[in-house]
1. Please specify each residue of region A:66-90 satisfying the condition of being in contact with a Leu (Cβ under 8 Å, 6 or more places away or on another chain) and either of a type in the set (Ser, Thr, Tyr) or buried (at least 16 other Cβ atoms within 10 Å of the Cβ) (or both).
2. Being part of a helix (DSSP H, G or I), more than 7 Å from every other protein chain (Cβ to nearest Cβ) and either of a type in the set (S, T, N, Q) or more than 23 Å from A:THR40 (Cβ to Cβ) (or both) is the filter here, so list the residues in region B:1-51 that pass it.
3. Go through region A:4-61 and count every residue that is under 19 Å from B:LEU41 (Cα atoms), surrounded by fewer than 24 Cβ atoms within 10 Å (Cβ to Cβ) and in contact with a Leu (Cβ under 8 Å, 6 or more places away or on another chain).
4. For region B:79-165, which helices (runs of 4 or more DSSP H) that fit wholly inside it have 3 or more residues that are of a type in the set (D, E, K, R) and more than 27 Å from B:SER46 (Cβ to Cβ)?
5. Do we have A:SER33 as part of a loop (DSSP other than H, G, I, E, B) and under 11 Å from the mean Cα position of the chain (by Cα) here?
6. For region A:91-100, what are the residues that are touching a strand residue (DSSP E or B) at 6+ places or on another chain (Cβ under 9 Å) and surrounded by fewer than 24 Cβ atoms within 10 Å (Cβ to Cβ)?
7. For region B:102-127, which residues satisfy the criterion of being closer than 12 Å to B:GLU59 by Cβ and more than 11 Å from chain A (Cβ to nearest Cβ)?
8. Checking the condition more than 7 Å from chain B (Cβ to nearest Cβ) and under 24 Å from B:THR159 (Cα atoms), which residue from A:LEU45, A:LEU75, A:LEU96, A:LEU89 passes?
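Taken together, the values in this text are just the output of simple stated rules run on the coordinates, not laboratory data. The shown structure was predicted, so the numbers you read here are calculated from the model rather than taken from an experiment. A quick note on method: Cβ atoms are made from the backbone with ideal geometry, for glycine too, and the neighbour counts reach across all protein chains shown.
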Amino acid sequence: TVGCVVVDSEGRCAAATSTGGLMNKMTGRIGDSPLIGAGTYACDLCGVSCTGEGEAIIRGTLARDVAALMEYKGLNLQEAVDYVIKKRLDNGKAGLIAVSNNGEVAYGFNSVGMFRGFATEDGFMDVGIW
Amino acid sequence: MGGWAIAVHGGAGVDPNLPQERQEEAKQLLTRCLNLGISSLRSSFSAIDVVELIVRELESDPLFNSGRGSALTENGKVEMEASIMDGSGRRCGAVSGITTVKNPISLARLVMEKSPHSYLAFSGAEEFAKQQGVEMVDNNYFITEDNIGMLKLAKEANTIMFDYRIPLAGSESCSAVVESPIQMNGLPISVYAPE
């Protein structure tokens with residue numbers, strides 16, 4: 001699975017996710033990536049893209065939960081990401097990246113690693129795996 | 001209001017035994033995508049245009065599990081899916097069961113912008129792709145030797161390859177995982193595809 005989340009200089013957020021799914025999956029199997037609110041979500045506050053065990057991400061409506069925690073509980077982006085990774089996945093393994101409309105980036109994962117990269121207008125740039 | 005920001009991912013559940021050169025390859029691809037995104041944002045591209053542009057780049061490279069290099073179904077074919085969402089107006093588009101569209105993320109965007117729906121799948125999505133004139137290729141374009149080998153292993157073990165599990169308690173770091181040949185779904189963990 002691959003994904004990208006962006007907030008542009010006008011504060012607009014967007015998210016995109018694309019995948020081949022799972023190796024040896026049944027024909028017709030649908031995972032989290034195409035499900036809005038599970039693998040992908042964007043609103044005025046943030047943009048989120050998820051990856052990992054699709055069934056766990058779907059059951060946890062992971063991407064929408066990040067936005068809902070910001071909207072209803074007033075958490076900031078990283079707090080919302082940490083909460084859903086810790087509390088929403090049960091025994092599932094997953095990761096996600098997110099941006100907020102005020103130019104923050106955040107990520108979280110409970111698998112062994114996640115291929116990821118970030119950059120912000122003030123010059124921060126980072127690429128990581130573990 | 002802060003400035004622009006961008007994040008990309010290439011999948012979770014990384015193989016703890018991933019060889020160093022593969023790790024470098026992945027970091028180079030992620031860095032290339034970030035630089036493409038940075039120059040687009042500096043040229044005042046909109047967020048929705050940048051996320052589509054970057055995911056197209058990732059779909060076209062066989063390194064990660066999407067587009068070319070996608071995981072294979074039980075029948076050895078590729079069935080892809082994608083979604084895109086624009087935070088301003090909360091518009092969205094999604095596709096599933098895609099087998100011949102070169103860049104599924106662009107078809108998802110066309111669903112969002114050129115159809116009355118937010119999600120099209122399988123033959124309906126492929127029909128819509130033809131109507132919209134997007135680039136279409138044979139399913140073999142998406143299949144790589146690596147993934148044919150992975151599918152063979154998965155079938156021998158009669159398993160669906162999930163991503164990796166967090167190292168067992170007590171193994172302080174991934175390197176500890178490298179020594180202990182953990183089995184998962186009947187397979188040595190080292191054979192799992194990145195996702």
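1. A:VAL66, A:ALA67, A:LEU69, A:MET70, A:LEU75, A:ALA80, A:VAL81, A:TYR83, A:VAL84, A:ILE85, A:ARG88, A:LEU89
2. Result: B:GLN20, B:GLU21, B:ARG22, B:GLU24, B:GLU25, B:GLN28, B:ASN35, B:SER39, B:SER40, B:ARG42.
3. 1
4. Fully inside region B:79-165 and qualifying: B:122-132, B:145-156.
5. yes
6. A:GLY92, A:LYS93
7. B:LYS102
8. A:LEU89
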